[in-house]
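Remarks on the structure that follows.
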Amino acid sequence: MASMLRTMELDYDLPESAIATTPAEPRDSARLMVVRRSDPSYLEHLRVRDLPHLLDAGDLMIVNATKVIQARFEGLRADTGGGVEGLYLGPGPTINNARTWGVLLQGKRMKEGICVTLFDADDAPSRYKLRLLSKDPREAGGWIVGIEHDNNTPLRDGDTNDAQILEVIGRTPLPPYIVRARKHTGQDESQTYDKDRYQTVYAHETAHETAYETAYETAHETQNTKPIDPHQNLQTAEGSVAAPTAGLHFTPELLSRLASQNITREEVTLHVGLGTFKSVESEFVEQHNMHSERCFMPASVRTRIIATRAANHRVLCVGTTAARTVESYARLPTHPADWLDTSILITPGYQWQWTTCMLTNFHLPKSTLMAMIASLLGNTPSELGVDRLKRYYRTALEHNYRFYSYGDAMCILA
C-alpha cells in the first residue's frame with residue numbers, strides 16, 4: 001500500500017509576478033513544457049500550437065465542453081446602502097410559485113428579508129432584485145434568495161429564465177487570485193475580454209438541470225434527522241463557475257490541424273464548482289474531504305476510449321476536469337445513462353485506467369490538482385512523482401512561465 005502524501009509536500013513558493021493576469025494572444029501562443037512519464041530526464045520548451053507535432057494519428061483527445069456562466073453579480077442593499085457581491089449557483093426551489101436562486105453572498109450582517117438591487121454590466125441599477133429568504137446549511141455564505149422585478153413583484157415560473165437575467169446582471173467569475181493580482185498591479189479587476197477569453201472555443205450550452213433544487217430540498221428534508229454534510233458543496237446546475245483552463249489554449253485553427261492529422265476529439269462535460277478553489281487543509285491529502293462535481297460522458301465516448309486503448313493509441317485528457325471525468329467513468333462496471341456526481345480524489349499510488357497523457361496548466365500550491373499531476377507522473381526508484389513535479393515547476397519559474405488559469409501549460413506524454 002502506498003504511503004499517504006503530506007499536504008506540505010505540495011507546497012512551493014510562487015512570486016505574484018508569475019501569476020498570469022492576462023491570457024496569451026493568440027490562445028495557442030501560450031508556452032508549453034513537454035515532459036514524459038516514461039523518461040524523467042526529458043523536458044522540452046514549445047508552444048501550445050506545437051501540440052499536433054506531439055500526437056499521432058489514432059490518438060484521442062478528450063476535452064471538457066462545459067460553459068462558464070456569467071455567475072458573478074454585484075448590488076446594493078436597500079436597508080444600508082452597502083455593497084454586496086455574490087455568485088449564482090443555480091435555481092433553488094419554487095416557493096409559492098415564485099422563483100428562487102441558490103447563491104453565495106459577501107457582505108456584512110446579511111440576514112433574512114434584506115433586499116438587494118442588482119447592477120447591470122454598466123454598474124447601473126438593473127430591473128432585478130434579490131430578497132434573502134433563508135441560509136443554506138451546506139456552505140458558509142450560502143443563501144436561498146427570491147428574484148424580484150424592480151417593482152418588488154416576484155418572478156414566477158415561465159417568466160424570464162435565469163440565463164437571460166444573468167446576461168443582464170452577470171459578470172465573469174474570475175478566480176480570486178487573478179482579481180488580487182490585478183489589484184496589486186493597478187489593473188481593473190474586470191476586463192472586457194474576460195467574457196470571451198475565460199471560455200473555451202468549444203464550450204456548449206447544457207440542458208437546464210434541477211440539480212441544485214433537488215440537492216437543496218434533500219438537505220432541508222434531512223437536516224432534522226441527521227447532520228448536513230458540510231463538505232457537500234454547492235454547485236451550479238447550468239454550467240461552471242470556473243473554466244477548464246487547459247482548454248483555454250485551443251483555437252479553431254489548432255483544432256482543425258489536429259483533426260486533419262486524424263487525432264480525434266471527443267467531449268465530456270464536468271461542471272466546475274467552487275470546490276476547485278479550496279485548498280487542502282488536512283495533514284495528509286488523502287484525508288481531504290473532496291468536493292463533488294457533476295459530470296457526463298456519452299456512451300459513445302466510452303466506446304471510443306476503450307477502442308483507442310486497445311489499438312495502443314494514446315488518450316490525452318485536456319485538463320484535470322476531463323481526466324477526472326474519464327477516470328470516474330472508468331471505475332464503473334456499466335455505463336450510466338444519466339449524469340454522474342463524482343468526488344474522485346486522485347493521489348500518488350492511484351492506478352490510472354484510461355488516461356495516458358494530459359495537457360494541464362500550472363496549479364496552486366497544496367491543491368488536489370497538484371496531487372493528481374504527481375500521481376500521473378508516477379514514482380521512480382530515484383524520485384517521487386511529487387518531487388519531480390516540483391522540479392518541473394522550478395524549471396518553469398526559471399524560464400518565466402506564467403502560472404494558473406490564464407497562464408502557460410504542461411503536456412505530460414506517456
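Worth pointing out:
- Among the trypsin sites (Lys or Arg not before Pro) in the stretch 297-364, those placed in a DSSP loop whose Cβ has at most 11 other Cβ atoms within 10 Å are R331.
- Under Karplus coefficients 6.51, -1.76 and 1.60, residue-wise ³J(HN,Hα) of the stretch 177-182 in Hz, glycine/proline x: 5, 6, 4, 4, 5, 5
- With θ taken as phi - 60° and the Karplus curve 6.51 cos²θ - 1.76 cosθ + 1.60 applied, the whole-hertz 3J(HN,Hα) list for the stretch 322-332 is 5, 5, 4, 5, 4, 6, 5, 6, 4, 7, 8 Hz, x standing for glycine and proline.
- Mean sequence separation of contacting Cα pairs (under 8 Å, at least six apart), scaled by the length of the stretch 72-171, corresponds to a relative contact order of 27 percent.
- Remark: relative contact order (the stretch 256-414) = 23 percent; criterion is Cα-Cα distance under 8 angstrom and separation of 6 or more residues.
- Across the chain, Cα pairs under 8 Å and at least six residues apart give a relative contact order of 24 percent.
- Within straight-line reach of K67, meaning a Cα separation under 12 Å, sit the following aspartates and glutamates at least 8 residues removed in sequence or on another chain: D196, E205, E238.
- Charge tally in the Cβ shell below 13 Å around A124, where Lys, Arg are +1 and Asp, Glu are -1, A124 excluded: -4
- Only the Cβ atoms of Lys and Arg (+1) and of Asp and Glu (-1) were treated as charged; on that basis the dipole of the stretch 80-187 about its Cα centre amounts to roughly 500 debye.
- Mean residue ellipticity (222 nm) of the chain, computed from DSSP H runs ≥ 4 via -39,500 (n - 2.57), nearest 500: -6500 deg cm²/dmol
- Among beta bridges that DSSP assigns inside the chain, antiparallel share in %, nearest 5: 75
- Hz values of 3J(HN,Hα) by residue in the stretch 402-413 - Karplus curve (6.51, -1.76, 1.60), Gly and Pro given as x: 9, 9, 6, 4, 8, x, 7, 10, 10, 10, 9, 8
- Cα-centre dipole for the chain with unit charges at Cβ (Lys and Arg positive, Asp and Glu negative), debye to 20: 640
- Distance histogram in 5 Å bins (all Cα pairs of the stretch 72-171, percent per bin): 3, 14, 28, 28, 19, 7, 1
- Bridging of K111 to aspartates and glutamates at a Cα separation below 13 Å is possible for D79, D136, once same-chain residues fewer than 8 apart are set aside.
Readers should treat all values here as calculations from the given coordinates under stated rules, not as data from a laboratory. Small disclaimer: the values here were computed from a predicted structure and weren't measured. Every residue, glycine as well, gets a Cβ built from its backbone with ideal geometry; the counts of neighbours run over all protein chains shown.
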